[in-house]
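For reference, the structure discussed in these notes is given below.
The values are calculated or read from the model by the stated rules, or taken from the named source; none is laboratory data. Note that the coordinates shown come from a computational prediction; the quantities given were computed from them, not determined experimentally. Note that we place each Cβ from the backbone using ideal geometry, even for glycine, and neighbour counts take in every protein chain shown. Accessible surface is based on the protein model in full, side chains and every heavy atom, while ligands, DNA and RNA are left aside. Shrake-Rupley method; radii C 1.70, N 1.55, O 1.52, S 1.80 Å.
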Amino acid sequence: MDKEQIITKITEGGLVAVVRAESSEQAFRITEACIKGGVVGIEITFTVPGADKLIWDLSNVYKNGEIVIGAGTVMDPETARIAILAGAQYIVSPYLNLDTVKLCNRYRIPCMPGAMSIKEVVEAMEAGADIIKIFPGQILGPKAIGAILGPIPYAKLMPTGGVDIDNVGDWIKAGAVAVGAGGSLTRGAKTGDYDAIVDTAKQFISKINEARGL
């Protein structure tokens, strides 16, 4: 799957599951539950123990293009390269690291650095970022999307942090091309209730489709 197809798949799906866990086994189960709930974009954060091996394993299990597997909490180009070699199809960072974006562009891997201001959004776009992660979303709120898109209507923005079932529609209606959801989507894992993750994923997708008028 080439770069443009990956970006299209993420934006059409509208939801990226941000997977954080205490172990790779728990992260794998969270991922399976998210996929069962209809999530297309999976982001394995590098806070998960053995994240690169998990990405490798998932890439081999789900190799028919039904989902796209990315790496999150990527702080530097070294980690990005490890993730790409393990099979990561996109890279997500909490902030803009120019060398990371440069490396991703070299290998035609979609890159999604974090930004909090219009200045940071523009700097990320100028560096060659594909989608800008508006982070932390709980601080900025959905209105920030509209404020940014006012002067920069061609920016592709994806909020992460503070996105939940109650406000995901607001983020989409404000102009977000997709959203990233972590704890609000995967909290069932804390009690071993993976069925709750499946149900929550379905609710997220339903809300996104409703906001898009689908």
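Return a yes/no flag: does region 80-100 have any residue that is in a helix (DSSP H, G or I), closer than 17 Å to residue 131 by Cα and touching a strand residue (DSSP E or B) at 6+ places or on another chain (Cβ under 6 Å).
Yes, because at least one residue in region 80-100 is in a helix (DSSP H, G or I), closer than 17 Å to residue 131 by Cα and touching a strand residue (DSSP E or B) at 6+ places or on another chain (Cβ under 6 Å).
What is the residue count in region 189-208 for residues that are assigned to a helix (DSSP H, G or I), among the charged types (D, E, K, R) and free of Cβ contacts under 8 Å to residues at least 60 places away in the same chain?
Of the residues in that region, 2 qualify.
Each row is one residue, and each column tells you yes or no for (1) open to solvent by 40 Å² or more (accessible area, probe 1.4 Å); (2) in contact (Cβ under 8 Å) with a residue 12 or more places away in the chain; (3) not hydroxyl-bearing (Ser, Thr, Tyr).
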{"residue": "56", "(1), (2), (3)": "yes, yes, yes"}
{"residue": "59", "(1), (2), (3)": "no, yes, no"}
{"residue": "73", "(1), (2), (3)": "no, yes, no"}
{"residue": "83", "(1), (2), (3)": "no, yes, yes"}
Members of region 85-104 that are open to solvent by 50 Å² or more (accessible area, probe 1.4 Å) and over 22 Å from residue 161 (Cβ atoms) | 85, 98, 99, 102
